[in-house]
Amino acid sequence: MDIMRERTAEQELPFNVFAKACPSRGTLEHITGRWGGLTLGALYEGSLRFNELRRRVDGVSEKMLSQTLHALERDGLVHREAQPTNPPRVDYELTPLGREVAERLLALIHFVEGRMDDVLTARMRYDETRGAR
């Protein structure tokens, strides 16, 4: 009962990611963290098994991918489906909300990829003027 009263009180306040106690901050961290965005982007292409996803998100450890998937599933962005087979088969896919988030992330990813020449030029200029410490 206290949890319901607490949640009702939270709902009366607007969410503000810049406020330290706002729950939206944690979700934003899950989405924009090192592995969250890449995981969501990879799942945009369709349902993947854990090892397929791990190969797609090059460099992620099994532990980090597992933690990332748990966080994204808890936030309602990823759906985990365990098949009752032997050996067990687990598939991951985006929820409708996850798909919407991934679309926005992929737009940013494609923008960054398309502007990397500018970024690399800026880095070179910075390093030249700062003496590449």
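The values are calculated or read from the model by the stated rules, or taken from the named source; none is laboratory data. Values in this document were obtained by computation on a predicted structure and should not be read as measured data. Glycine gets a Cβ as well: all are built from the backbone with ideal geometry, and neighbour counts include every protein chain shown. Side chains included, ligands, DNA and RNA excluded: accessible areas come from the protein's heavy atoms. Shrake-Rupley method; radii C 1.70, N 1.55, O 1.52, S 1.80 Å.
Quick look at the values:
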{"item": "Matching residues in the stretch 81-94 - criterion: being open to solvent by less than 50 Å² (accessible area, probe 1.4 Å) and either among the charged types (D, E, K, R) or at pLDDT 95 or above (or both)", "result": "D91, Y92, L94"}
{"item": "Failed item, numbered, when A122 is tested on (1) under 21 Å from V17 (Cβ atoms); (2) open to solvent by less than 50 Å² (accessible area, probe 1.4 Å)", "result": "(1)"}
{"item": "Pairs with Cβ under 6 Å, 6+ apart, first in the stretch 56-68 and without any contact (Cβ under 8 Å) to a residue 24 or more places away in the chain, second assigned to a helix (DSSP H, G or I) and among the polar types (S, T, N, Q)", "result": "V57/T39"}
{"item": "Selection within the stretch 67-80 - part of a helix (DSSP H, G or I) and surrounded by 13 or more Cβ atoms within 10 Å (Cβ to Cβ)", "result": "Q67, T68, L69, H70, A71, L72, E73"}
{"item": "Residue in the stretch 81-104 that is farthest from G26 (Cα to Cα), counting only those that are assigned to a helix (DSSP H, G or I), of a type in the set (A, V, I, L, M) and touching a residue at least 40 places away in the same chain (Cβ under 8 Å)", "result": "A102"}
{"item": "Close pairs from the stretch 110-129: first modelled with pLDDT of 95 or more, partner open to solvent by less than 100 Å² (accessible area, probe 1.4 Å) and small (G, A, S), Cβ under 8 Å, at least 6 apart", "result": "none"}
